[in-house]
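Trainee: This is the structure I want to talk about, given as structure tokens.
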Amino acid sequence: MSEQNEIRSAPLTPRPGSVAPTSPLVSTPPVSCPPSQFHSPSLSRSPLLHGEHAAEAPRNKTPKTPRTPRLSLTPRFITPLGSPMRKALRMTKLDPQDAWLPITESRNGNQYYAAFHTLCSGIGVQALVLPVAFTILGWTWGIIGLTLAFVWQLYTLWLLVQLHESTETGMRYCRYLQLSCVTFGDKLGKLLAMFPIMYLSGGTCVALIIIGGSTSKQFYQIVCGPTCSQPLTSVEWYLVFTCAAVLLSQLPNLNSIAGVSLIGAITAVAYCTMIWVVSVAEGRLPGVSYNPVRGKTQIEHIFDVLNALGIIAFAFRGHNLILEIQATMPSDEKHPSRVPMWKGVKVSYTIIAACLFPLAIGGYWAYGQKIPADGGMLTALYVFHSQDVSQSVLGLTSLFVIVNAVSSFQIYGMPMFDDMESKYTIRKKEPCPWWLRAVFRAMFGYGCFFVAVAIPFLGSLAGLIGGIALPVTLAYPCFMWLKIKKPKMYSGMWWLNWVLGVLGMGLSGILIAAGVYVVIDTGIEASFFKPH
């Protein structure tokens, strides 16, 4: 049955579904959703793998009453004007899988939930190493680089929010990889976006276990003091943190962890503010220098600068979660989800800017070139002010870092939970049972624990990883806009997106090369299975 016929065959009044058709010539229309609902391609595809085989909706075996034909809502002579509205109101077939997966299981999100999730995923311990980039770039270029990166990623964030749903096709792209595959094609979309997205989800959870476990050990030592007897090892603290994260991960869907994200956002803002305020209040360290660190050769200096830019790029993560967060909201043609989503994003990124810029500028002012490369501001607080600052302030800062890491683990792990459950729902054509969902999430959590123990030096690769993940944040959204929205050739939007997209891809390649060079040249302490 054609799209136009579906629209014209909508019933004027509800009819009981148990009445048999009165004429064999009248065909039964397909089960369709209300015209106000946007269709999500995630209903019939694996969220991460974007499989070719769709999950079929269960058919209603009860015969339907034939619908009474009626005339079109708009006269034929104004059909060209009515066509866009018809596309927006097009009916689409229901698929129950969307209600079975944790990202789209609940659609009652709002702008406050969006702000909580965006703030929790957009700020974290990766911001604490921003002053390290300033030691290479210096005052002027450090501030310029941080400002340009912030504005750039905020623009691409706006692009993703606008691309989440299309009134022309009636589609909602509820996962980043789905939008990538729609834009670039199945094979190329997976090739370009699969690894960065997998790292930004799974790799971030591994880094959170490392940071949360090591900070838990530090917190225990601060609270217990020198009277501690037989403290736990680093591996055991990693395990304690992982158990807490796995236990909290049993919350069913993305909307159910809104309160967790709120707590994570509050603690992130709290420890970022406490660290830079304490550092500035204690004053500059003796012998602080602000001269940019220069390599022995010109090539080495260039690669150091690029590695510093990679650290700045790594501080702005979370774009791989924006479509997923927006997918938790209801949406129709009168109240599209992009409106409350963008309100939440504006509030959250205003707060993020109020944390990142004072942290980078104040930290560099207080420590200069003495800022520790491993751990950044948090390590500097322990190393330089453990005797000057009260133990309660140090303990509270450590506690906030731990709580934020546990909370961030939930939102970054949700896409992986969603992908694992989608494989089951596609195969079994039924929702994932609660016990299997618990097993999936425990497997993921303890798998991240194993990687954290095996590769505890993952944080030393911040510059390299920032270059790998950079296209997801700065480049791909520009190409997606060009492909889907098709702005007029040589217009302002056309030039802006082409320039930013090409520049982002080129910068990513250069940053990866620079990160590899720095790792090879300076070396890293590859302490496999030996966490500190």
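The values are calculated or read from the model by the stated rules, or taken from the named source; none is laboratory data. It should be emphasised that the depicted structure is a prediction, and the values quoted were computed from it without experimental measurement. Quick reminder, even Gly has a Cβ in these numbers, built from the backbone with ideal geometry, and neighbours come from all protein chains shown. All accessible areas refer to the heavy atoms of the entire protein, side chains included, with ligands and DNA or RNA removed. Shrake-Rupley method; radii C 1.70, N 1.55, O 1.52, S 1.80 Å.
Trainee: List the relative contact order of region 189-256 as a percent without decimals, with contacts defined as Cα pairs under 8 Å and 6+ residues apart.
Mentor: RCO, region 189-256: 35 percent.
Trainee: In what sequence, highest mean first, do 129-137, 273-281, 200-208 appear when ranked by Cβ atoms within 10 angstrom? Walk me through the intermediate numbers first.
Mentor: Values: 129-137: 25.6, 273-281: 19.2, 200-208: 23.7.
Ranked by mean Cβ neighbours within 10 Å, highest first: 129-137, 200-208, 273-281.
Trainee: Sorted by mean Cβ packing within 10 Å, highest first, what order do the peptides 98-111, 471-484 take?
Mentor: 471-484, 98-111
Trainee: Also, quick follow-up: log₁₀ I(q)/I(0) of region 224-279 at q = 0.19, 0.22, 0.30 Å⁻¹, via Debye over equal Cα point scatterers, no solvent, to two decimals?
Mentor: Cα-only, vacuum Debye calculation for region 224-279: -0.94, -0.96, -1.04.
Trainee: With all protein chains present, how much of the accessible area of region 173-217 (probe radius 1.4 Å) comes from carbon and sulfur, to the nearest whole percent?
Mentor: Percent of accessible area from carbon and sulfur atoms in region 173-217: 74.
Trainee: Excluding TRP494 itself, calculate the net charge of residues whose Cβ lies under 15 Å from the Cβ of TRP494, where each Lys or Arg counts +1 and each Asp or Glu counts -1.
Mentor: Counting the neighbours of TRP494, the net charge comes to +4.
Trainee: Work out from phi, with θ = phi - 60° and the Karplus expression 6.51 cos²θ - 1.76 cosθ + 1.60, the ³J(HN,Hα) of each residue of region 427-435, listed in order in whole Hz, and give x for Gly and Pro.
Mentor: 6, 9, 6, 7, x, 6, x, 4, 5
Trainee: While we're on this one: State log₁₀ I(q)/I(0) for region 108-178 at q = 0.19, 0.21 Å⁻¹ as given by the Debye formula over alpha-carbon point scatterers of equal weight, solvent excluded.
Mentor: Log10 I(q)/I(0), no solvent term: -0.95, -1.05.
Trainee: Largest first, how would HIS117, HIS335 line up by accessible area (1.4 Å probe)?
Mentor: Descending order: HIS335, HIS117.
Trainee: Still on this structure: Between MET171 and residues 5 or more places away or on another chain, which pairs have amide H atoms under 5 Å apart, with H built 1.01 Å from N, and which residues are they?
Mentor: Amide H to amide H, under 5 Å and 5 or more residues apart or across chains, MET171 pairs with HIS39, SER166.
Trainee: Say each of ARG427 and GLN391 gets a label point 7 Å from the Cα, pointing the same way as Cα to Cβ; how far apart are those two points in nm?
Mentor: It works out to 5.3 nm between the two label points.
Trainee: Starting from the Cα of THR233, step 7 Å along the direction of its Cβ; do the same at ALA373; then give the gap between the two resulting points in nm.
Mentor: Between THR233 and ALA373, the simple spin-label model gives 2.8 nm.
Trainee: On the accessible surface of region 283-335, probed at 1.4 Å, how many percent belong to carbon and sulfur atoms?
Mentor: Heavy-atom surface of region 283-335 belonging to carbon and sulfur, 1.4 Å probe: 58 percent.
Trainee: Along Cα→Cβ, 7 Å out, is where each label goes; now give me the distance between the ones at LYS334 and GLN221 in nm to one decimal.
Mentor: 6.1
Trainee: Another one. How would you classify region 200-333 from its alpha-carbon gyration tensor, with a ≥ b ≥ c the square roots of the eigenvalues: rounded for a/c under 1.5, else prolate if a/b is greater than b/c, otherwise oblate?
Mentor: Details: a/c = 1.90, a/b = 1.19, b/c = 1.60.
Oblate, since a/c reaches 1.5 and b/c is not below a/b.
Trainee: Using only C-alpha atoms and all pairs of different ones, pull out the Kirkwood radius for region 324-448 in Å with one decimal. Present the calculation step by step, with values, prior to reporting the outcome.
Mentor: Values: mean 1/r = 0.0530 Å⁻¹.
Its Kirkwood hydrodynamic radius stands at 18.9 Å.
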